[in-house]
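The values are calculated or read from the model by the stated rules, or taken from the named source; none is laboratory data. Remember, predicted model here, so these are calculated numbers, not experimental data. Here the Cβ positions follow ideal geometry from the backbone for every residue, glycine too, while neighbour counts run over all protein chains shown. Side chains included, ligands, DNA and RNA excluded: accessible areas come from the protein's heavy atoms. Shrake-Rupley method; radii C 1.70, N 1.55, O 1.52, S 1.80 Å.
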Amino acid sequence: MTSMSGAEAIAAQTDYLAEFRIGSEPYYRPVGQEIALFDAAYQARMPIMLKGPTGCGKTRFVEHMAWRLKRPLITVSCHEDMTASDLVGRYLLDADGTVWHDGPLTLAVRLGAICYLDEIVEARQDTTVVIHSLTDDRRILPLEKKNEVLPAHPDFQVVISYNPGYQSVLKDLKESTKQRFGAIAFSYPEPAIEAEIVAREAGVERRIADTLVRIAQRSRNLKGHGLDEGASTRMLINAGLLAAKGIPLADACQVAMVLPITDDPELRDALTAAIAACM
Ligand SMILES: Nc1ncnc2c1ncn2[C@@H]1O[C@H](COP(=O)(O)OP(=O)(O)O)[C@@H](O)[C@H]1O
Ligand SMILES: [Mg+2]
């Protein structure tokens, strides 16, 4: 019989992913077939792109799916200065010399988590290519600095979010990156469902949620007429949260749905008129 030292026994019991496990069900109101689609994609370990405007439920959805599939979720918010080492890992100096530290992607690959790269286009293309060997049939991650090739755990999956509205020619995914993914489309839910979500998340009466959704629809109609995007579900929830604290609804809408998205006085007036018309 082999015996373990105390330290080994503790290490064997350590759940390195404990902080990434989702204990209780994140509320998610399905809008279409997205749960069945994601479920099938996960069974096939297919890399998935969640595609849609900001604040429409992509992050909440992936949290819900990780909970449903009982997989830990490691989320990385991508940004311009992110390097491949930030994802993969690096050697760091400590009292014993240099010690390798897994980055979030490597941790997910090694231990079988869902790795969610949020707003992937914010990262530079030379950073994004590190996921290529993980998102085709090789399912491996080369750790170049360690001279090691890490095969992905069978439960590992890559999920990315992608907002088509923001893309420019300079800032987009490479064609060779896009083609590795299946995509699930997200948009703002139909009015009745969106009001249900807003009422629940903000803790406001349905009547108020309905009003907020009507305002949002008018705001979304201004997209392209000076607004990059109309009010998102997230903004409606923020307005509702302020209203629930006793702020008059029109003021709550200014704070949560007008001032954050425009500095243009004319647009501000147009949005303010839209709010008044919906009250
Ligand atoms: N279908 C939905 N079910 C439950 N909550 C939702 C849904 N869609 C949006 N939300 C709410 O809107 C907020 C913003 O959604 P989020 O997932 O953060 O957006 P995204 O990641 O697309 O920018 C969430 O925190 C949640 O409160
Ligand atoms: Mg998000």
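Worth pointing out:
- Boolean, residue 50 is farther than 29 Å from residue 188 by Cβ, outside any loop (DSSP other than H, G, I, E, B) and not assigned by TED's automatic domain parsing to the domain that holds residue 234: no
- Taken as a whole, the condition of being open to solvent by 30 Å² or more (accessible area, probe 1.4 Å), in contact with a Lys or Arg (Cβ under 6 Å, 6 or more places away or on another chain) and either farther than 13 Å from residue 239 by Cα or at pLDDT 95 or above (or both) applies to residue 185.
- Which numbered condition residue 190 misses (of (1) open to solvent by 70 Å² or more (accessible area, probe 1.4 Å); (2) at pLDDT below 95; (3) not small (Gly, Ala, Ser)): (2)
- Apart from one condition, residue 170 fits all of (1) within 16 Å of ligand 2 (Cβ to nearest atom); (2) at pLDDT below 95; the exception is (1).
- Complete set of residues in the range 98-153 that are open to solvent by less than 10 Å² (accessible area, probe 1.4 Å), in contact with a His (Cβ under 9 Å, 6 or more places away or on another chain) and not in a loop (DSSP other than H, G, I, E, B): 108, 109
- Every residue from the range 219-243 that is open to solvent by 80 Å² or more (accessible area, probe 1.4 Å) and either at pLDDT 95 or above or within 23 Å of the chain's Cα centre (by Cα) (or both): 223, 228, 234
- In this entry, residue 246 passes the filter for residues that are open to solvent by 40 Å² or more (accessible area, probe 1.4 Å) and more than 28 Å from residue 69 (Cα to Cα).
- Residue match in the range 29-42 (condition: over 15 Å from residue 108 (Cα atoms), touching a Pro at 6+ places or on another chain (Cβ under 6 Å) and touching a residue at least 12 places away in the same chain (Cβ under 8 Å)): yes
- Scanning the range 53-77 for residues that are away from ligand 1 (no atom under 12 Å from the Cβ) and either at pLDDT below 95 or open to solvent by 60 Å² or more (accessible area, probe 1.4 Å) (or both) yields a count of 3.
- Applying the criterion of being in contact with a strand residue (DSSP E or B) (Cβ under 7 Å, 6 or more places away or on another chain) and modelled with pLDDT under 95 to the residues of the range 115-140, the residue that is farthest from ligand 2 (Cβ to nearest atom) is 121.
- Residue in the range 11-24 that is at pLDDT below 95, open to solvent by 80 Å² or more (accessible area, probe 1.4 Å) and not in a loop (DSSP other than H, G, I, E, B) present: yes
- Residues satisfying the stated conditions in the range 78-97, i.e. in a loop (DSSP other than H, G, I, E, B) and either crowded, with 17+ Cβ neighbours inside 10 Å or over 14 Å from the mean Cα position of the chain (by Cα) (or both): 78, 80, 81, 82, 83, 95, 96
- Among residues of the range 155-166 that are in the same structural domain as residue 47 (by TED's automatic domain parsing), those with a beta-carbon under 8 Å from a residue that is acidic (Asp, Glu) and modelled with pLDDT of 95 or more at least six positions away or on a different chain give the pairs 160/118; 161/118.
- Filter result for residue 188 (within 30 Å of residue 246 (Cβ to Cβ) and aromatic (Phe, Trp, Tyr)): yes
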